[in-house]
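The values are calculated or read from the model by the stated rules, or taken from the named source; none is laboratory data. Only a predicted model underlies this, so the values are computations on that prediction, with no experimental measurement involved. Don't worry about glycine lacking a Cβ; one is built from the backbone with ideal geometry, like all the others, and counts go over all protein chains shown.
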Amino acid sequence: MNEGISLYELNKRVKQCLEGGFPRYYWVRAEVSAIKANYSGHCYIDLIDKEDSESDIRAKGHAVIWSSSWRVLRPYFFNSTGSELCAGMQILIKAQVQFSELYGLSLIVYDIDPSYSVGEAEVRRREVIRRLKEEGMFEMNTSLELPPLPRRFAVISSETAAGYRDFMRHLHENEYGFRFYTRLYTSPMQGGGAPEGMVQALEQIVSDVESGGERFDAVLILRGGGSVTDLACFDDYDLCLNVAQFPLPVMVAVGHDQDYHICDMVACVSVKTPTALADYILEVFIAEQAMLSSIASRLALALNNKFSAAEAGLKGLQQRLENGIWRRFSTQSGRLDLLEQRVRKGDPANLMESGYCVAECGGKRVVSVEQTAPGDPLRLILKDGQVDCRVERVLEKNVE
């Protein structure tokens, strides 16, 4: 009777064959289908392998990262890629084949290559970002403020670059008539020598400003579109460090809409293209002009309202003066009428019309008997003539 062998014996032989046949470490490519770290600190990963451009799974596997390795590999991968290991991610792991009689085949992971997941250039890029942040340089230039109306610019670019020519034409030939001063500091804008050339241009700008020969409101770095390789220089550590700590605001316009480089991150202002940067500068002046026009309109309206109010006030004052003068004239006219009536009543001619007469003695008007004596010549003036006579006797009023 054939009793066979136990499952344990079979798995033990398989273990010996596998581990004997795969004694080395292997770099294995796979996709993460599931990942879990348990309470003990170990990380368990389910792996799958698919055909290119196919959804059919052609292989499955299981991997383990022991807690002692996971404590190191997890922060390393995150700092390098900016992401945690997760389902759907393509990974390249350094692993050793292990077979357990109880759990079966597993891959014991000792290392992960983050560049496989995000690309080597992205790993280097993230390292530059991390370094600048740790050194406290990342936000230095972004904290600077542009002057309210920037007019004078140092431009770092290539004189033959289409982006530079587009920028100059758009800025200097603007339809609003705004005037700007630009000075070009030439530099290669792609290739291995580009970062050093741009750093030298930045140093020359500082030298010109410190010597008193130039005054700039900002520095512009201009470069049109290009391939990923052409624009990789704008992620260079030395260039980004110089931009980040530059004493003047730096405005960067590099590449097309899909490009975003570390130079963009550390600069005071970043836009997508040189023409867009020219528009950005012009918009500052257009907004200022619109604000001034609005202020002028409001001021004119306020002055017009003020003048209207003053004119109305003057008209009111004039009317009040006219009314006051007319009332005063009327009052004085009434008084004059009364005075005239009194004068008329006291006029001797009027009195004589009523039968009265005026007496004169020696050419003087006689108003009292004390002015006369018996024998004095006396002239009586009547309404229709005069009478000459002589005083015979004087009788006082109170004499009885």
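Just a few scattered comments:
This table checks each residue for (1) buried (at least 19 other Cβ atoms within 10 Å of the Cβ); (2) of a type outside the set (Ser, Thr, Tyr); (3) without any contact (Cβ under 8 Å) to a residue 12 or more places away in the chain.
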site	(1), (2), (3)
186	no, no, no
196	no, yes, no
204	no, yes, no
207	no, no, yes
225	no, yes, no
240	yes, yes, no
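- Of all positions in region 31-44, none carries a residue that is assigned to a helix (DSSP H, G or I), surrounded by fewer than 15 Cβ atoms within 10 Å (Cβ to Cβ), charged (D, E, K, R) and without any contact (Cβ under 8 Å) to a residue 60 or more places away in the chain.
- Answer residue from region 45-67, given it is assigned to a strand (DSSP E or B) and of a type in the set (A, V, I, L, M, F, W, C) and is surrounded by the most Cβ atoms within 10 Å (Cβ to Cβ) among those: 65
- Selection from region 379-393 of residues that are surrounded by 12 or more Cβ atoms within 10 Å (Cβ to Cβ), aliphatic (A, V, I, L, M) and part of a strand (DSSP E or B): 380, 381, 382
- The residue that is surrounded by the fewest Cβ atoms within 10 Å (Cβ to Cβ), among those in region 248-263 that are modelled with pLDDT under 95, more than 19 Å from residue 126 (Cβ to Cβ) and not aliphatic (A, V, I, L, M), is 257.
- For residue 8: the one exception among (1) closer than 22 Å to residue 71 by Cα; (2) surrounded by fewer than 14 Cβ atoms within 10 Å (Cβ to Cβ); (3) in contact (Cβ under 8 Å) with a residue 12 or more places away in the chain; (4) not basic (Lys, Arg): (1)
- Selection status of residue 101, within 18 Å of residue 23 (Cα to Cα) and at pLDDT below 85: yes
- Cross-chain or 6+ apart pairs with Cβ under 9 Å, region 112-127 first and closer than 24 Å to residue 241 by Cα and assigned to a helix (DSSP H, G or I), then among the acidic types (Asp, Glu) and at pLDDT below 85: 115/122
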